[in-house]
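Have a look at the structure below, then the notes.
Every number here is computed from the coordinates shown, using simple stated rules; none is lab data. It should be emphasised that the depicted structure is a prediction, and the values quoted were computed from it without experimental measurement. Every residue, glycine as well, gets a Cβ built from its backbone with ideal geometry; the counts of neighbours run over all protein chains shown.
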There are 2 protein chains.
Amino acid sequence: MSTTIDPNHILPRYYQLLTILRDKIDKGEWQPHQAIPSERQLEVLYSVSRTTIRQAVGMLSRQGLVYQQHGKGTFVSPRKLQKGLVELTSFSEDMQQRGLIPGQRILEIRNMEPPPPEILVYLELPPDTPSIFRVERVRTGDDQPIGLQTSFLALPAGQTITQAELEQRGSLYTILQERFNINLHSADETLEVTIANPREAQLLEVPEGSPLLLSERVLWTNDHRAVEFVRILYRGDRYRYTVRLTR
Amino acid sequence: MSTTIDPNHILPRYYQLLTILRDKIDKGEWQPHQAIPSERQLEVLYSVSRTTIRQAVGMLSRQGLVYQQHGKGTFVSPRKLQKGLVELTSFSEDMQQRGLIPGQRILEIRNMEPPPPEILVYLELPPDTPSIFRVERVRTGDDQPIGLQTSFLALPAGQTITQAELEQRGSLYTILQERFNINLHSADETLEVTIANPREAQLLEVPEGSPLLLSERVLWTNDHRAVEFVRILYRGDRYRYTVRLTR
DNA sequence: TAGTGGTCTAGACCACCCT
DNA sequence: GGGTGGTCTAGACCACTAA
């Protein structure tokens, strides 16, 4: 791993610097609440202008890895604040972060023609949209059922995704990105409490009437169009949701 | 409201510009997916340098009000993306945003001596911390019970908060800021599902065994020290949690 | 080719903190 | 007073998009 900045590198200098600084924090070379070199010192150390320094440090600050105090310096955040907790992750990524092996059992996969009107509203699609792609899956962690997931997708006209493709790639997000070149930017999510009906109880292997955590997400692309509506019913006893909020 | 930038104003120029641009978007002067003036045009329009323009527009972009596309321009986000959904809010602010009048019924307010060990762990305080301030309240919206809130605070030595003060100001956050000069920066929150025990059921006016949404928060100050641990049990039928996640 | 946002420089002055 | 981060300028070149 490099510890100097190469002006001719493909990656921008502020990004190279960001990586260098983050590594030092991750490795514990700079301890929590300890001051990192000042911006003027970093200018000399890495031979880049202060603007570039500030771009890198500003990003670290927004990511919660460091905090800046006017007139005093820039300091490493305590470890708890160093984990990004508002990141948009797929179910698979989420499970991996929790140290569980993600899995799925596909219950149904098909195009809905015509689509349910409320889904068109969520996705901000015109009422004459011919079809919506729908997948229903039981999602597992270490082979235990964790959630019941239903996804609704606005695929380009005439396109579809097969069960074989989904089973092979595992994640819808991967298919969206690699096959349709759709990059996800953000999601709006709501969480509420509900009770398992007989079908949900059977699929999630819990008693009927058990409390569940219901998550509903609308996913947005890079050009800020809605692409997917996802509903996940999580087992209340096996799932805990975490976020970081900022002022 | 001003539409020009005053170089001698107390507020920085990028912030004045940010306000001007946000107003135009809020008022609908620039419509969703419409391009706003280019950075070079804004330079001329407002007589500030491109760096300053980029600082303002970059903040609007991070707040989700606009999105930037390399080589194309900067565009207004669709309205749904214009609401900041990861903002740290107090219960009172939260209710107001939902159009409900916040209220509270204080159940207990006291210093715990000695403090419960698990709270010290959450707040990263030394084991010999003499006392922790605790408030338990039923929180209401339009006079209906919404949540049962328990707050644990590390107040400066010898300080306390009286019931009268809390009733008068309404919000702990206000007291923290105005009396102790403690500014909140961020919070880590976990959400999970639980079931009402007899006491909780009675206070929240729901049947015993009703599903509840349990939120637990650790609040961090500007210099990234933990100040408060808050637990809120929300009525499952009256509360829905929303967040925005980004990639 | 012209216009857009993305990156970068070398400087400047200000506001804040500590000694 | 000397060091820190915060704001700001006037310029430059690059990478991307579209006509």
Shielding of A:44-55 by other chains, given as the mean Cβ count within 10 Å, works out to 0
Per the rotation taking chain B to chain A, min distance Cβ-to-axis on chain B (residue, whole Å) equals B:Pro211, 2
Defining the label point at 7 Å along Cα→Cβ, can you sort the distances from A:Ile101 to the same site in each other copy, shortest first, in nm? 5.8
Calculated FRET value between B:Thr162 and A:Thr246, using beta carbons and R₀ = 35 Å, to 0.05: 0.70
Relative to the first principal axis of the alpha-carbon coordinates of chain B, what is the inclination of helix B:13-26, with its axis defined by its Cα atoms, in degrees from 0 to 90 and to the nearest 10? 90 degrees
Looking only at Cα atoms, what is the convex hull volume of the range A:71-210 per residue, in Å³? 190 Å³
Inter-copy spacing of B:Leu11 label points, which lie 7 Å from Cα along Cα→Cβ, given in nm from shortest upward: 3.7
Sticking to Cα atoms, compute the Rg of chain A to one decimal and its Dmax as the biggest Cα-Cα distance, whole number, in Å. 22.3, 66
So what are the radius of gyration and Dmax for the Cα set of the range A:1-117, in Å? 20.2, 63
Given charges at Cβ of Lys, Arg, Asp, Glu: the protein assembly as shown dipole, positive-most of B:Ile175, A:Val44, B:Gln159: A:Val44
Assuming 0.36 nm per residue, please report the length gained on full extension of the stretch B:Gln177 to B:Arg110 beyond their Cα-Cα distance. 22.1 nm
Please work out the C-alpha center-to-center distance from the range B:176-247 to the range A:160-179 and express it in whole Å. 37 Å
Counting every Cα pair in the protein assembly as shown, what percent are over 30 Å apart? 57 percent
So if I take the centroid of the Cα atoms in the range A:120-136 and the same for the range A:34-56, what is the distance between those two points in Å? 49 Å
What is the total of Lys pairs in the protein assembly as shown with C-alpha atoms under 23 Å apart, excluding same-chain pairs fewer than 8 positions apart? 12
Between 0 and 90°, nearest 10: helix A:50-62 axis offset from chain A longest Cα axis: 40 degrees
So who's got an amide H within less than 5 Å of the one on B:Ile182, skipping anything under 5 residues away but keeping other chains? H placed 1.01 Å off N, in plane. B:Gln177
Ascending list, in nanometres, of distances separating the B:Pro117 label from those of the other copies (7 Å, Cα toward Cβ): 6.0
Could you pull out the trypsin sites (Lys or Arg not before Pro) across the range A:3-77 that fall in loop regions by DSSP (anything but H, G, I, E, B) with no more than 13 other Cβ atoms inside 10 Å? A:Lys27, A:Lys72
Under 5 Å between amide hydrogens, which residues at least 5 positions from B:Ile5 or on another chain qualify, with H placed 1.01 Å from N in the peptide plane? none
